[in-house]
Each structure stands twice: as structure tokens, then as C-alpha cells.
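Student: My structure is below; once you've seen it, I'll send some questions.
The values are calculated or read from the model by the stated rules, or taken from the named source; none is laboratory data. Values in this document were obtained by computation on a predicted structure and should not be read as measured data. Every residue, glycine as well, gets a Cβ built from its backbone with ideal geometry; the counts of neighbours run over all protein chains shown.
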Amino acid sequence: MDTARIAVVGAGVIGLSTAVCISKLVPGCSITIISDKFTPDTTSDVAAGMLIPHIYPDTPIHTLKRWFKDTFDHLYAIACSAEAADAGVHLVSGWQIFQSIPAEEVPFWADVVLGFRKMTEAELKKFPQHVFGQAFTTLKCETSAYLSWLEKSPVKTQAPAQVLNNSTAGKGKSE
């Protein structure tokens, strides 16, 4: 049987995460990552992500919740592992405060994050211009560290990989 040859466009957090997932789902495949920029020069390198979902038009809530839960579970496993510091994935607790009461006081993702609850009146007094708040623990991903961690992931040992950019296009730079 021929080796599956797969190209992933982009070397930011989505591209590298996709390459790692594919390498796990299709063992022995050949993955080529095509991008004009690589870490530390991607947009992802200067971003940090707090895992809090949003509602997107035309996307059913059950789909959004599944995506959020899958992402939360994946990052939570990393945060609880010995690789958390290298991967830049950590638990973080905080408040989300509102100047008016939101349509959904308990959002669809409340049972996915840790310790979700409505803020107490005493807590809200610290924010006099706000009338409602939620407290919970979620995850933070320092993407510059996460990208470096992804680059070291098993994608390079489970499957031959190539990285192509403007200077190596057509030649292929083996990873």
C-alpha cells in the first residue's frame, strides 16, 4: 500500500495542531507543512488564548459545545501532564463580568469549564459598573510555547515530514 501524502497549509497553531492530529489518525503518512512563516514569525506566536467559547451564527450550539469540550479536554490533559510548562498550557481562574445581565446567565459551556458559578453580590461590589458576573476556571495557552512544543511532537517521529516555505519551495526542507 502506498504511503498517504498529506499537505497542511500554515504553520501557526491551527496548521501544526492539524499536522499532529493527522499523524496520529493516519500513522506512517507523509506530512508536508507549507507556510510562508514559521515560529517565531507567525501570528500565533504573538497571541495567547484563554479558552472561552463564543456563539457563531449558523453553527448549532451542540456543535459548538462538542468543539469546546474536545478542545478543553485536550488542553486539560496537557495542563495536567509533565509537559504543561513546555507546552505553555495552564489552568487559569477568573471572572467574566457584564454591565447588563446576559440573555443566558448560565452559558452552554458552563458544565465544561471547572467550578462555574454566578458571582456573589460581594464579588460584584468590586466592579460597581457591572451587574452580573460568572466565575470559573478554564485554560490558557501561551501559543509561542505551544507552537515550539508542537514542533517537537511525535509528528516528526511517526511520519516523515517536510516543511516548505518561500525559500525552500520546490526543494523541500526535511524535518
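Student: Is it the case, given these coordinates, that Leu64 is modelled with pLDDT of 90 or more and closer than 13 Å to Tyr146 by Cα? Before the answer, list the steps.
Tutor: Numbers: modelled with pLDDT of 90 or more: yes; closer than 13 Å to Tyr146 by Cα: no.
Against the criterion (modelled with pLDDT of 90 or more and closer than 13 Å to Tyr146 by Cα), Leu64 does not qualify.
Student: Which residues, counting only those in segment 18-40, are at pLDDT below 90 and under 22 Å from Lys140 (Cβ atoms)?
Tutor: Once the filter is applied, which keeps residues that are at pLDDT below 90 and under 22 Å from Lys140 (Cβ atoms), segment 18-40 yields Val20, Cys21, Thr39, Pro40.
Student: Looking at (1) crowded, with 16+ Cβ neighbours inside 10 Å; (2) at positive phi; (3) not basic (Lys, Arg), find the lone condition where Asp58 falls short.
Tutor: (1)
Student: Of the conditions (1) out of contact with any Leu (no Cβ under 6 Å at 6 or more places or on another chain); (2) surrounded by 14 or more Cβ atoms within 10 Å (Cβ to Cβ); (3) in contact (Cβ under 8 Å) with a residue 12 or more places away in the chain, Thr18 fails just one. Which one is it?
Tutor: If we test Thr18 against (1) out of contact with any Leu (no Cβ under 6 Å at 6 or more places or on another chain); (2) surrounded by 14 or more Cβ atoms within 10 Å (Cβ to Cβ); (3) in contact (Cβ under 8 Å) with a residue 12 or more places away in the chain, just (3) comes out false.
Student: Would you list the helices (runs of 4 or more DSSP H) that sit entirely within segment 108-175 and hold 3 or more residues that are modelled with pLDDT of 90 or more? Full working, then the answer.
Tutor: Values: elements: 121-124, 143-151, 155-158.
The helices (runs of 4 or more DSSP H) meeting that bar are 121-124, 143-151.
Student: What is the residue count in segment 91-135 for residues that are of a type in the set (Asp, Glu), over 30 Å from Cys80 (Cα atoms) and surrounded by 13 or more Cβ atoms within 10 Å (Cβ to Cβ)?
Tutor: Within segment 91-135, the subset of a type in the set (Asp, Glu) is 104-105, 111, 121, 123.
Imposing the further condition that a residue be over 30 Å from Cys80 (Cα atoms) reduces the set to 104, 121.
Among the residues that remain, those that are also surrounded by 13 or more Cβ atoms within 10 Å (Cβ to Cβ) are: none.
Of the residues in that region, 0 qualify.
Student: Is there a residue being loosely packed, with under 13 Cβ neighbours inside 10 Å, more than 15 Å from Trp149 (Cα to Cα), at pLDDT 90 or above and among the small types (Gly, Ala, Ser) anywhere in segment 80-87?
Tutor: Scanning segment 80-87, I find no residue that is loosely packed, with under 13 Cβ neighbours inside 10 Å, more than 15 Å from Trp149 (Cα to Cα), at pLDDT 90 or above and among the small types (Gly, Ala, Ser), so the answer is no.
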